[in-house]
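So the structure is just underneath, and the comments pick up after that.
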Amino acid sequence: MKFELSERLNKLPVYLFAEIDRLKQEIRAKGIDIISFGIGDPDLPTPGAIIDILKKESEIEDNHRYPSYEGLLKFRESAASWYDKRFGVSLDPETEVLSLIGSKEGIGHFPLAFVNPGDIVLVPDPGYPVYNAATVLALGIPYFMPLEEKNDFLPDFSKIPEDVFKKAKLMFLNYPNNPTSARANRDFFKEVVKLAKKYSIIIAHDFAYSEVYTAGNPTESFLSVPGAKDVGIEFHSLSKTFNMTGFRIGFASGSEAIIKGLGTVKTNLDSGIFQAIQLAGAYGLDNELGAVKENNKIYKKRRELLLRGLKKLGFHVYNSDTTFYVWAKVPKIGLSSKDFAVSLLNDTGVIVTPGSGFGRHGEGYIRFSLTLSEDRIKEGLERMGLRQFT
Ligand SMILES: *Cc1c(COP(=O)(O)O)cnc(C)c1O
(Lines give C-alpha, C1' and ligand atoms only; values in the text may rest on other atoms or scores of the structure.)
Protein backbone atom coordinates (compact mmCIF):
# COMPACT_ATOMS: atom_id res chain seq x y z
CA MET A 1 0.00 0.00 0.00
CA LYS A 2 1.13 3.51 -0.70
CA PHE A 3 0.70 6.16 1.95
CA GLU A 4 0.59 9.81 1.07
CA LEU A 5 1.45 12.33 3.72
CA SER A 6 -1.14 15.00 4.34
CA GLU A 7 -0.71 18.26 2.48
CA ARG A 8 -0.15 20.11 5.72
CA LEU A 9 2.72 17.79 6.66
CA ASN A 10 4.23 18.16 3.22
CA LYS A 11 4.19 21.92 3.69
CA LEU A 12 6.60 21.76 6.64
CA PRO A 13 10.14 22.86 5.74
CA VAL A 14 12.76 20.20 5.07
CA TYR A 15 14.98 19.34 7.97
CA LEU A 16 18.07 21.44 7.41
CA PHE A 17 20.27 19.71 9.93
CA ALA A 18 20.08 16.27 8.24
CA GLU A 19 23.38 16.71 6.39
CA ILE A 20 25.15 17.84 9.55
CA ASP A 21 23.70 14.90 11.49
CA ARG A 22 24.95 12.46 8.84
CA LEU A 23 28.41 14.02 8.77
CA LYS A 24 28.53 13.90 12.56
CA GLN A 25 27.90 10.13 12.50
CA GLU A 26 30.63 9.67 9.88
CA ILE A 27 33.17 11.67 11.83
CA ARG A 28 32.30 10.02 15.10
CA ALA A 29 32.65 6.58 13.45
CA LYS A 30 36.23 7.54 12.59
CA GLY A 31 36.87 7.94 16.31
CA ILE A 32 37.21 11.75 16.15
CA ASP A 33 36.14 13.58 19.28
CA ILE A 34 33.34 15.99 18.42
CA ILE A 35 32.87 19.27 20.26
CA SER A 36 29.30 20.41 19.88
CA PHE A 37 28.20 24.01 20.25
CA GLY A 38 24.94 22.87 18.69
CA ILE A 39 23.01 21.68 21.74
CA GLY A 40 20.14 23.83 23.03
CA ASP A 41 19.76 21.73 26.15
CA PRO A 42 21.42 22.69 29.47
CA ASP A 43 24.31 20.42 30.51
CA LEU A 44 23.92 21.50 34.15
CA PRO A 45 21.90 19.26 36.49
CA THR A 46 18.38 19.81 37.81
CA PRO A 47 18.64 21.11 41.42
CA GLY A 48 18.79 18.17 43.83
CA ALA A 49 15.95 19.46 46.01
CA ILE A 50 13.59 19.33 43.01
CA ILE A 51 14.58 15.72 42.32
CA ASP A 52 13.98 14.87 45.99
CA ILE A 53 10.39 16.12 45.74
CA LEU A 54 9.87 14.15 42.55
CA LYS A 55 11.12 10.97 44.25
CA LYS A 56 8.87 11.46 47.25
CA GLU A 57 5.78 12.40 45.26
CA SER A 58 6.19 9.58 42.78
CA GLU A 59 5.66 7.09 45.66
CA ILE A 60 2.23 8.51 46.37
CA GLU A 61 -0.55 6.58 44.67
CA ASP A 62 -2.82 9.56 44.08
CA ASN A 63 -0.15 10.94 41.81
CA HIS A 64 -0.27 7.84 39.59
CA ARG A 65 -3.68 8.72 38.15
CA TYR A 66 -4.58 10.83 35.15
CA PRO A 67 -3.67 14.42 35.94
CA SER A 68 -6.26 17.10 35.17
CA TYR A 69 -5.68 18.90 31.87
CA GLU A 70 -5.41 22.36 33.44
CA GLY A 71 -2.84 21.28 36.03
CA LEU A 72 -2.80 20.96 39.80
CA LEU A 73 -3.97 24.14 41.51
CA LYS A 74 -0.80 23.98 43.66
CA PHE A 75 1.41 24.23 40.58
CA ARG A 76 -0.64 27.08 39.11
CA GLU A 77 -0.55 28.93 42.45
CA SER A 78 3.23 28.62 42.59
CA ALA A 79 3.46 29.91 39.01
CA ALA A 80 1.21 32.87 39.84
CA SER A 81 3.05 33.79 43.01
CA TRP A 82 6.39 33.53 41.21
CA TYR A 83 5.07 35.92 38.51
CA ASP A 84 4.04 38.35 41.19
CA LYS A 85 7.40 38.22 42.99
CA ARG A 86 9.55 38.21 39.89
CA PHE A 87 7.68 40.51 37.49
CA GLY A 88 5.08 42.31 39.60
CA VAL A 89 2.33 40.72 37.47
CA SER A 90 -0.73 39.45 39.31
CA LEU A 91 -2.44 36.39 37.86
CA ASP A 92 -5.46 34.41 38.96
CA PRO A 93 -4.11 30.85 39.25
CA GLU A 94 -7.53 29.38 38.46
CA THR A 95 -8.24 31.21 35.22
CA GLU A 96 -5.05 32.90 34.06
CA VAL A 97 -2.54 30.04 34.33
CA LEU A 98 -2.56 26.75 32.44
CA SER A 99 0.05 24.06 32.93
CA LEU A 100 1.73 22.65 29.82
CA ILE A 101 3.66 19.50 28.96
CA GLY A 102 6.60 21.76 28.16
CA SER A 103 6.06 25.07 26.43
CA LYS A 104 6.67 23.46 23.03
CA GLU A 105 3.47 21.52 23.51
CA GLY A 106 1.51 24.70 24.26
CA ILE A 107 3.02 26.64 21.37
CA GLY A 108 2.41 23.71 19.03
CA HIS A 109 -1.26 23.48 19.97
CA PHE A 110 -1.95 27.19 20.30
CA PRO A 111 -2.88 28.09 16.70
CA LEU A 112 -5.52 25.33 16.71
CA ALA A 113 -7.44 27.41 19.24
CA PHE A 114 -7.63 30.66 17.27
CA VAL A 115 -6.42 30.33 13.68
CA ASN A 116 -8.78 29.52 10.82
CA PRO A 117 -7.51 28.18 7.49
CA GLY A 118 -5.99 31.09 5.56
CA ASP A 119 -5.51 33.39 8.57
CA ILE A 120 -2.13 35.09 8.76
CA VAL A 121 0.18 34.35 11.67
CA LEU A 122 3.14 36.69 12.21
CA VAL A 123 6.27 34.64 12.85
CA PRO A 124 9.75 35.95 13.74
CA ASP A 125 12.54 35.07 11.29
CA PRO A 126 14.97 33.77 12.43
CA GLY A 127 12.95 31.95 15.06
CA TYR A 128 12.23 28.79 16.99
CA PRO A 129 10.88 26.48 14.24
CA VAL A 130 7.75 25.49 16.19
CA TYR A 131 5.95 28.82 15.48
CA ASN A 132 5.99 28.11 11.76
CA ALA A 133 5.21 24.40 12.12
CA ALA A 134 2.28 25.03 14.46
CA THR A 135 0.91 27.66 12.06
CA VAL A 136 1.19 25.39 9.02
CA LEU A 137 -0.38 22.43 10.86
CA ALA A 138 -3.36 24.65 11.75
CA LEU A 139 -3.62 25.68 8.05
CA GLY A 140 -2.65 29.25 8.88
CA ILE A 141 -0.34 31.26 6.65
CA PRO A 142 2.94 32.35 8.21
CA TYR A 143 4.12 35.88 7.48
CA PHE A 144 7.77 36.12 8.43
CA MET A 145 8.88 39.22 10.32
CA PRO A 146 12.61 39.77 9.67
CA LEU A 147 14.74 40.19 12.78
CA GLU A 148 17.79 42.20 11.79
CA GLU A 149 20.89 43.15 13.69
CA LYS A 150 20.49 46.84 12.84
CA ASN A 151 17.24 46.74 14.88
CA ASP A 152 18.74 44.64 17.66
CA PHE A 153 16.76 41.71 16.31
CA LEU A 154 13.38 43.28 17.06
CA PRO A 155 10.82 43.23 14.22
CA ASP A 156 10.42 46.54 12.41
CA PHE A 157 6.62 46.90 12.35
CA SER A 158 6.81 49.91 10.03
CA LYS A 159 7.99 47.55 7.27
CA ILE A 160 5.01 45.22 7.53
CA PRO A 161 2.14 46.13 5.15
CA GLU A 162 -1.08 47.31 6.75
CA ASP A 163 -3.19 44.64 5.03
CA VAL A 164 -0.99 41.95 6.57
CA PHE A 165 -1.78 43.32 10.02
CA LYS A 166 -5.45 43.46 9.10
CA LYS A 167 -5.50 39.79 8.13
CA ALA A 168 -3.30 38.65 11.00
CA LYS A 169 -4.85 36.66 13.81
CA LEU A 170 -1.83 35.93 15.90
CA MET A 171 1.74 37.11 16.44
CA PHE A 172 4.52 35.02 17.97
CA LEU A 173 7.35 36.81 19.75
CA ASN A 174 10.28 35.43 21.74
CA TYR A 175 12.55 37.48 24.03
CA PRO A 176 15.12 36.68 25.28
CA ASN A 177 15.42 35.37 21.76
CA ASN A 178 16.51 32.03 20.44
CA PRO A 179 18.63 32.01 18.26
CA THR A 180 19.89 35.63 18.33
CA SER A 181 20.16 36.08 22.15
CA ALA A 182 18.58 39.55 21.83
CA ARG A 183 16.37 40.97 24.57
CA ALA A 184 13.34 43.26 24.39
CA ASN A 185 12.50 46.22 26.61
CA ARG A 186 9.24 47.65 27.87
CA ASP A 187 8.99 50.27 25.14
CA PHE A 188 8.96 47.55 22.53
CA PHE A 189 6.32 45.60 24.43
CA LYS A 190 4.20 48.74 24.71
CA GLU A 191 4.36 49.18 20.95
CA VAL A 192 3.26 45.54 20.57
CA VAL A 193 0.24 46.06 22.84
CA LYS A 194 -0.81 49.13 20.81
CA LEU A 195 -0.55 47.22 17.57
CA ALA A 196 -2.41 44.22 18.98
CA LYS A 197 -5.28 46.43 20.10
CA LYS A 198 -5.43 48.36 16.84
CA TYR A 199 -5.66 45.25 14.64
CA SER A 200 -7.11 42.68 17.09
CA ILE A 201 -4.06 40.44 16.99
CA ILE A 202 -3.41 37.87 19.72
CA ILE A 203 0.13 38.05 21.09
CA ALA A 204 1.91 34.85 22.11
CA HIS A 205 5.17 35.70 23.83
CA ASP A 206 7.54 32.77 24.27
CA PHE A 207 9.43 33.50 27.49
CA ALA A 208 11.39 30.25 27.77
CA TYR A 209 14.65 32.10 28.57
CA SER A 210 13.20 34.55 31.10
CA GLU A 211 15.67 33.44 33.77
CA VAL A 212 18.76 33.06 31.63
CA TYR A 213 20.55 36.39 31.82
CA THR A 214 24.02 37.23 32.94
CA ALA A 215 24.60 40.88 33.67
CA GLY A 216 22.48 41.34 36.78
CA ASN A 217 19.91 43.06 34.59
CA PRO A 218 16.70 41.00 34.85
CA THR A 219 14.54 40.43 31.78
CA GLU A 220 11.06 41.91 31.63
CA SER A 221 7.76 40.16 31.13
CA PHE A 222 5.48 41.14 28.25
CA LEU A 223 2.60 40.79 30.71
CA SER A 224 4.05 43.52 32.93
CA VAL A 225 3.17 46.19 30.34
CA PRO A 226 -0.24 47.85 30.79
CA GLY A 227 -2.90 46.24 28.60
CA ALA A 228 -0.80 43.18 27.72
CA LYS A 229 -3.03 40.85 29.68
CA ASP A 230 -5.98 41.89 27.48
CA VAL A 231 -4.25 40.90 24.26
CA GLY A 232 -1.92 38.03 24.95
CA ILE A 233 -0.34 35.22 26.83
CA GLU A 234 3.17 34.30 27.77
CA PHE A 235 4.59 30.80 27.41
CA HIS A 236 6.90 29.87 30.23
CA SER A 237 9.00 26.78 30.65
CA LEU A 238 10.82 25.19 33.57
CA SER A 239 13.17 23.54 31.04
CA LYS A 240 15.79 26.25 30.77
CA THR A 241 15.15 27.83 34.20
CA PHE A 242 15.77 24.68 36.27
CA ASN A 243 17.53 22.45 33.71
CA MET A 244 14.43 20.29 33.47
CA THR A 245 14.12 19.73 29.72
CA GLY A 246 13.49 16.01 30.15
CA PHE A 247 10.69 16.46 32.70
CA ARG A 248 8.34 18.23 30.26
CA ILE A 249 6.77 21.01 32.30
CA GLY A 250 5.84 24.60 31.52
CA PHE A 251 2.84 26.88 31.69
CA ALA A 252 0.96 29.60 29.85
CA SER A 253 -0.24 32.73 31.61
CA GLY A 254 -2.18 35.85 30.72
CA SER A 255 -5.56 36.67 29.19
CA GLU A 256 -8.31 34.49 30.64
CA ALA A 257 -10.13 34.16 27.30
CA ILE A 258 -6.98 33.14 25.45
CA ILE A 259 -5.94 30.68 28.17
CA LYS A 260 -9.42 29.21 27.96
CA GLY A 261 -9.11 28.66 24.19
CA LEU A 262 -5.79 26.87 24.60
CA GLY A 263 -7.26 24.89 27.49
CA THR A 264 -10.10 23.68 25.29
CA VAL A 265 -7.65 22.29 22.73
CA LYS A 266 -5.80 20.55 25.53
CA THR A 267 -8.91 19.05 27.13
CA ASN A 268 -9.57 17.36 23.82
CA LEU A 269 -6.04 16.19 23.15
CA ASP A 270 -4.10 15.45 26.35
CA SER A 271 -4.35 14.90 30.06
CA GLY A 272 -1.73 17.10 31.62
CA ILE A 273 1.57 16.50 33.37
CA PHE A 274 2.47 13.71 35.81
CA GLN A 275 1.50 15.23 39.16
CA ALA A 276 4.77 14.35 40.87
CA ILE A 277 6.52 16.47 38.24
CA GLN A 278 4.08 19.34 38.80
CA LEU A 279 4.78 19.24 42.54
CA ALA A 280 8.52 19.14 41.90
CA GLY A 281 8.12 22.11 39.53
CA ALA A 282 6.04 24.03 42.07
CA TYR A 283 8.77 23.43 44.63
CA GLY A 284 11.31 24.84 42.19
CA LEU A 285 9.29 28.01 41.57
CA ASP A 286 8.77 28.46 45.32
CA ASN A 287 12.30 27.70 46.51
CA GLU A 288 15.00 27.19 43.93
CA LEU A 289 15.66 30.59 42.43
CA GLY A 290 19.13 30.58 43.98
CA ALA A 291 20.07 27.70 41.70
CA VAL A 292 19.16 29.87 38.72
CA LYS A 293 21.65 32.51 39.85
CA GLU A 294 24.40 29.91 40.09
CA ASN A 295 23.66 28.67 36.55
CA ASN A 296 23.80 32.20 35.24
CA LYS A 297 27.23 32.74 36.78
CA ILE A 298 28.43 29.69 34.90
CA TYR A 299 26.91 30.85 31.60
CA LYS A 300 28.43 34.29 32.09
CA LYS A 301 31.95 32.87 32.41
CA ARG A 302 31.42 30.61 29.43
CA ARG A 303 30.08 33.49 27.34
CA GLU A 304 33.04 35.72 28.17
CA LEU A 305 35.45 32.93 27.30
CA LEU A 306 33.77 32.16 23.99
CA LEU A 307 33.33 35.82 23.00
CA ARG A 308 36.99 36.59 23.68
CA GLY A 309 38.08 33.59 21.64
CA LEU A 310 35.74 34.22 18.73
CA LYS A 311 36.71 37.89 18.50
CA LYS A 312 40.37 36.89 18.42
CA LEU A 313 39.59 34.58 15.53
CA GLY A 314 38.00 37.48 13.67
CA PHE A 315 34.33 36.65 14.18
CA HIS A 316 31.73 39.39 14.44
CA VAL A 317 29.54 38.47 17.42
CA TYR A 318 26.32 40.05 18.69
CA ASN A 319 26.85 41.39 22.21
CA SER A 320 24.20 40.15 24.58
CA ASP A 321 23.70 38.95 28.12
CA THR A 322 20.67 36.67 27.76
CA THR A 323 19.98 33.06 26.78
CA PHE A 324 22.79 30.53 26.55
CA TYR A 325 23.52 31.30 22.90
CA VAL A 326 26.06 33.36 21.05
CA TRP A 327 24.96 34.59 17.60
CA ALA A 328 27.86 35.25 15.25
CA LYS A 329 28.31 36.14 11.61
CA VAL A 330 29.75 33.58 9.23
CA PRO A 331 33.29 34.89 8.92
CA LYS A 332 33.81 34.02 5.26
CA ILE A 333 31.98 36.30 2.89
CA GLY A 334 29.98 34.39 0.34
CA LEU A 335 29.83 31.11 2.25
CA SER A 336 26.36 30.04 3.32
CA SER A 337 25.87 29.31 7.00
CA LYS A 338 25.20 25.66 6.22
CA ASP A 339 28.32 25.27 4.06
CA PHE A 340 30.37 26.97 6.74
CA ALA A 341 29.02 24.63 9.45
CA VAL A 342 29.65 21.57 7.29
CA SER A 343 33.22 22.56 6.46
CA LEU A 344 33.97 23.49 10.07
CA LEU A 345 32.75 20.09 11.22
CA ASN A 346 34.76 18.33 8.51
CA ASP A 347 37.96 20.18 9.26
CA THR A 348 37.86 20.48 13.04
CA GLY A 349 35.16 18.23 14.52
CA VAL A 350 33.43 21.35 15.89
CA ILE A 351 29.64 21.62 15.51
CA VAL A 352 27.80 24.95 15.27
CA THR A 353 24.20 25.50 14.21
CA PRO A 354 23.69 27.23 10.84
CA GLY A 355 21.44 30.27 11.19
CA SER A 356 19.47 29.38 8.07
CA GLY A 357 17.91 26.51 10.04
CA PHE A 358 15.93 29.19 11.90
CA GLY A 359 14.65 30.94 8.78
CA ARG A 360 15.80 32.89 5.75
CA HIS A 361 17.00 35.86 7.80
CA GLY A 362 19.22 33.58 9.87
CA GLU A 363 21.35 33.09 6.76
CA GLY A 364 24.82 34.55 7.20
CA TYR A 365 24.90 33.68 10.91
CA ILE A 366 25.77 30.70 13.07
CA ARG A 367 24.66 29.92 16.61
CA PHE A 368 26.96 28.70 19.39
CA SER A 369 25.40 27.18 22.53
CA LEU A 370 27.03 27.65 25.92
CA THR A 371 25.93 24.23 27.14
CA LEU A 372 29.43 22.80 27.42
CA SER A 373 32.24 23.18 29.96
CA GLU A 374 34.91 25.88 29.81
CA ASP A 375 37.49 23.19 29.01
CA ARG A 376 35.48 22.05 26.01
CA ILE A 377 34.91 25.64 24.89
CA LYS A 378 38.69 26.25 25.06
CA GLU A 379 39.36 23.08 23.12
CA GLY A 380 36.79 24.11 20.49
CA LEU A 381 38.39 27.54 20.15
CA GLU A 382 41.86 26.02 19.82
CA ARG A 383 40.72 23.76 17.03
CA MET A 384 39.01 26.62 15.24
CA GLY A 385 42.22 28.62 15.65
CA LEU A 386 44.06 26.12 13.45
CA ARG A 387 41.88 27.18 10.54
CA GLN A 388 41.94 30.24 8.35
CA PHE A 389 38.67 32.11 8.46
CA THR A 390 39.13 35.22 6.42
C1 LIG B 1 13.73 25.35 24.56
C2 LIG B 1 12.72 26.27 24.00
C3 LIG B 1 11.34 26.10 24.22
C4 LIG B 1 10.70 24.88 24.74
O5 LIG B 1 10.94 24.36 25.86
P6 LIG B 1 10.07 23.21 26.51
O7 LIG B 1 11.09 22.24 26.94
O8 LIG B 1 9.14 22.63 25.50
O9 LIG B 1 9.35 23.88 27.61
C10 LIG B 1 10.46 27.05 23.77
N11 LIG B 1 10.89 28.12 23.09
C12 LIG B 1 12.18 28.31 22.83
C13 LIG B 1 12.57 29.53 22.07
C14 LIG B 1 13.14 27.39 23.24
O15 LIG B 1 14.42 27.58 22.92
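The values are calculated or read from the model by the stated rules, or taken from the named source; none is laboratory data. Since we're looking at a predicted model, the values are computed, not measured. Remember, those area values only see protein heavy atoms, side chains included, never the ligands or the DNA or RNA. Shrake-Rupley method; radii C 1.70, N 1.55, O 1.52, S 1.80 Å.
Laid out as a table, the results:
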item	result
Helix 103-114 vs. the chain, principal-axis angle (Cα, 0 to 90°, nearest 10)	60
Over the chain: helical MRE at 222 nm, DSSP H runs n ≥ 4 each giving -39500 (n - 2.57), nearest 500	-13000 deg cm²/dmol
Reachable lysines, given that their alpha-carbon falls under 29 Å from the alpha-carbon of LYS2 and they are not under 8 places away in the same chain	LYS11
With all protein chains modelled, accessible area of HIS109 [1.4 Å, Å²]	40
Out-of-range pairs (alpha-carbon distance over 20 Å; input LYS293/LYS378; LYS159/LYS194; LYS159/LYS229)	LYS293/LYS378; LYS159/LYS229
Whole-number accessible area per residue in Å² for region 48-288, which is evaluated in the context of all protein chains at 1.4 Å	38
Rounded to the nearest 10 Å², the accessible area of SER343 at probe 1.4 Å	40
Surface share of carbon and sulfur [accessible, 1.4 angstrom probe, percent] for the chain	52
Using θ = phi - 60° and Karplus 6.51 cos²θ - 1.76 cosθ + 1.60, couplings along region 48-65 (whole Hz; Gly, Pro as x)	x, 5, 5, 5, 4, 5, 4, 4, 4, 5, 6, 7, 8, 4, 3, 7, 8, 7
Mean-position separation - Cα centroids, region 359-377 and region 185-212, in angstrom	26
Descending semi-axes in Å of region 48-288, equivalent ellipsoid built from Cα gyration tensor	30, 20, 15
Cα extents of region 180-251 along the three principal axes, largest first (Å)	39, 28, 21
